Amino acid sequence: MTRFRPTLGQAFVAAMGGLALLLSLLFVSLARVSERGLVRASDERRAALSAKIVSRVEAYLAQAKHAVTRLEQGLRFVATAPDVSSAEALLFAEMLDNPNLAELSFTRGQRAGFSVDGSAQLLLDGRFQVSVYRESDETGSRVLTRVTEGDHTGFYSKVRLRPAGGGLGDGRIERTPGPSGDPTDHATFGTPSSEAVGGRALWSDLSYSELDSLLPEDRRRVVVTVLKAVEDRNGTFLGVVRAAILGRALDALVAPDPGAPEITFLCDGRGRLLTRFSENDALVQDEGDLRIVSAQTPASVLAALSRPELVQAGDNPRADLGRFDLSGRRYLVGFRDLPETQGWRLGMIVAEDELPGLSSLRTEQRSLLVRALALMVLILAGGVMVVRWIAHDLSGILVETRRMSEFDFAATEPRAAFREVASVLNGLEKAKTALRALGKYVPVDLVRELFKANREPVLGGEARVLTIMFTDIKGFTTYAEQLSPDAVAEALGRYLEAMTEAVHANAGAIDKYVGDAVMALWNAPSLSPGHEGRACRAALDCVAATERLYVSPDWGDRPRFVTRFGLHTGEVMVGHFGAPSRLSYTALGDGVNLAARLEGLNKQYGTTILVSEASWAASKDAFAFRKLDRVAVKGKRQGVLVFELLGESEQEGPQIARARVYERALDLYNERRFLDAITLLETQTDTDPPSAVLLARCRDYVATPPAPDWDGVYVARSK
């Protein structure tokens with residue numbers, strides 16, 4: 001195990017870091033204590049506010065229950081069997097006393113007993129319903145009376161259209177069209193009058209008023225209803241009293257005090273809203289319950305409605321507190337149960353950074369932190385001045401070694417105040433010089449892999465599928481004889497530079513230069529997916545790069561080179577070959593020889609770039625090719641398909657047209673229809689060298705037909 005040895009800078013930084021850590025822990029501890037105190041005070045404030053709002057809501061809802069209690073007392077002592085008039089008088093008086101009531105109803109039914117399921121059995125006579133209600137939830141709306149009673153034809157309803165501010169008997173009475181149902185058949189009578197309820201008051205959830213069932217939803221009143229069965233002084237069942245209080249007043253009741261940072265709302269135990277955040281919020285029926293759908297619901301409220309504190313809410317104002325983070329802010333959330341409701345809860349949310357006093361506290365904390373940091377900076381600056389002269393020279397060595405580990409061998413000027421450090425830096429520069437030189441003799445990727453692996457090359461190789469490219473300059477020997485050695489070297493250097501850049505730009509590696517010839521590899525030393533297409537692209541780029549070179553001022557009036565290319569894809573041996581004391585990274589095998597033979601085959605067909613079938617098969621969708629021939633190259637008996645690389649696949653023009661004519665003629669040639677092939681080829685022999693070659697071969701076969709077992713393979717006689 002390597003022993004860790006810190007640098008001077010690390011030791012100093014560790015010491016300063018320890019001091020800063022201690023100061024930070026102290027600062028954080030003090031800050032947390034201060035903030036916890038403020039949060040506790042805020043918790044108490046919020047608990048008091050929630051209790052105040054809950055009390056306000058309970059007092060408001062209790063008006064309906066109190067109205068039911070007073071009506072029960074009035075019905076009990078007015079008569080043992082109240083009629084429509086006495087019931088209306090009691091309901092009307094109670095309605096005038098409380099402007100928050102939406103409706104009051106008394107449904108009369110004489111109970112004869114209970115069924116097996118606990119529902120009330122009623123006598124046939126004496127059933128009616130009186131409802132006194134406000135026409136709308138607007139202030140000053142008319143108070144109307146609706147009476148439903150029956151005769152021998154069935155039940156019918158009539159309405160007293162009392163004017164605004166009118167008395168009990170004011171207003172005309174109109175009979176509503178059509179029959180009405182028996183009011184004792186409705187659940188608002190049957191449920192509270194059943195034996196299971198036992199005379200208890202029942203609360204409904206938020207709902208539309210039953211009396212507004214024929215109105216459009218935007219005109220229907222939202223109410224909370226209390227139902228109770230009442231008896232006379234002798235315990236005889238009289239009927240059911242219903243009181244409904246306006247639900248839309250809940251929005252104002254739940255609102256916090258002006259200027260308070262809290263957001264308050266009512267919801268149920270399933271996280272559905274009961275109060276609005278905007279006048280435009282809609283009411284919807286959700287599984288039989290009336291709930292708010294708000295497009296303006298704050299994101300913090302939506303997050304709070306999914307919190308576990310909603311389910312855990314109870315009467316204890318501290319048992320339902322929680323915290324959550326949203327969009328980089330911390331929120332405090334609390335829920336409080338509302339007794340005598342259908343599981344309603346008061347929710348309260350406040351952003352922690354909006355708590356009273358917390359903002360000023362954090363401002364003071366930031367100011368203290370800035371002062372502490374300034375003091376630390378002064379201490380650090382003094383320590384740095386002491387250490388920097390020692391660490392400066394050592395850091396130079398670290399920088400150079402890091403650059404070498406990142407394969408950056410660019411030369412730098414060694415600068416050091418101490419002689420020993422300068423000697424080390426000079427040694428590193430010599431090592432970088434050697435590595436830069438090595439990269440010019442072997443593939444750069446190979447040098448990088450050996451350097452990163454920190455290993456020496458060893459004799460041996462591996463089988464790998466490569467794409468190999470051979471190039472050669474047509475007539476270079478004749479060209480070289482016409483110029484001085486220096487001129488030849490300069491021209492060849494510029495030419496090979498352009499070729500090399502095109503190969504490297506397409507992820508290829510130069511294996512070697514043999515005079516004017518180039519051997520390049522793809523998929524070695526580094527793996528290169530799609531190497532067949534990269535090699536084809538490189539060949540086209542080499543042609544384009546040398547054409548740009550020939551028209552540049554650097555080339556001058558020198559004759560242009562004509563370069564021939566041969567490409568093949570196949571499995572070969574690639575690795576370090578040679579003697580243990582002198583290795584060469586290269587590829588060996590039948591595939592390498594085939595690539596070289598394809599380059600030489602250009603001379604026989606007058607072509608520039610020839611590729612094997614394997615390279616064509618992997619690249620045919622990206623480039624335009626001509627199927628040239630099936631050739632047994634020199635030294636081989638087996639014929640291989642040879643293709644000419646023409647350019648980009650999307651190109652169209654005379655060259656592509658001539659190639660397609662040639663391919664049709666080649667098919668006729670392989671079918672021994674030599675005369676038909678001659679007819680096609682004679683149209684373009686002057687402009688297409690391969691066509692002239694195939695034409696001559698067809699004419700020879702017309703004169704001397706091939707043997708019966710001839711398979712169309714052309715046997716090349718030269719390299």
* Structure fact -> Given Cβ charges of +1 for Lys and Arg and -1 for Asp and Glu, the option among Leu645, Tyr714, Leu681 whose Cα lies farthest towards the positive end of the dipole of the stretch 620-719 is Tyr714
* To do: Putting +1 on Lys and Arg Cβ atoms and -1 on Asp and Glu Cβ atoms, find which of Gly591, Leu666, Val611 reaches farthest to the positive end of the dipole of the stretch 562-719.
  => Gly591
* Just rank Asp686, Asp182, fewest to most, by other beta-carbon atoms within 10 angstrom. => Asp686, Asp182
* Asked: Percent relative contact order of the stretch 60-242, based on C-alpha pairs within less than 8 angstrom and at least six residues apart?
  -> 23
* Asked: Could you give the radius of gyration (one decimal) and Dmax (whole number) of the Cα atoms in the stretch 226-362, in Å?
  -> 18.6, 70
* Structure fact -> One finds the C-alpha centres of the stretch 236-305 and the stretch 132-206 to be spaced, in Å, by 26
* **Computed over the stretch 646-719: relative contact order in percent, which uses C-alpha pairs under 8 Å that are six or more apart** => 24
* **Convex hull volume of the stretch 60-242 per residue (C-alpha atoms, cubic angstrom)** => 122
* Please tell me the relative contact order of the stretch 229-347 in percent, rounded to the nearest whole number, where contacts are Cα pairs under 8 Å and at least six residues apart. => 18
* Asked: Going toward the positive end of the dipole of the stretch 262-352, with +1 on Lys and Arg Cβ and -1 on Asp and Glu Cβ, which of Ser327, Leu310, Ala299 do you reach last?
  -> Ser327
* Once you have the alpha carbon radius of gyration of the stretch 460-596, what is it after dividing by 2.2 N^0.38 Å, with N set to its residue count? -> 1.10
* At what distance in nm do the modelled label points of Leu202 and Phe577 sit from each other, each positioned 7 Å from its Cα along Cα→Cβ? -> 9.7
* **Peptide ranges 87-95, 585-593, 535-543, 324-332 listed from the most packed, as the mean C-beta count within 10 angstrom indicates** => 535-543, 87-95, 585-593, 324-332
* With a 10 Å radius around each residue's Cβ, average the other Cβ atoms per peptide and rank 218-230, 617-629, highest first. => 218-230, 617-629
* To do: Please identify every one of the GluC sites (Glu not before Pro) in the stretch 627-699 that sits in a loop by DSSP and has no more than 11 other beta carbons within 10 Å of its own beta carbon.
  => Glu650, Glu652, Glu671
* Asked: Under Stokes-Einstein, with the Kirkwood radius over Cα pairs standing in for Rh, what whole-number D in µm²/s applies to the stretch 622-719 at 4 °C and 1.567 mPa s?
  -> 92
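Read-outs throughout are calculated quantities, based only on the coordinates presented, and are distinct from any laboratory measurement. None of the values given here were measured: they were computed from a predicted structure. With ideal geometry, Cβ positions are generated from the backbone for all residues, glycine too; neighbour counts draw on all protein chains shown.
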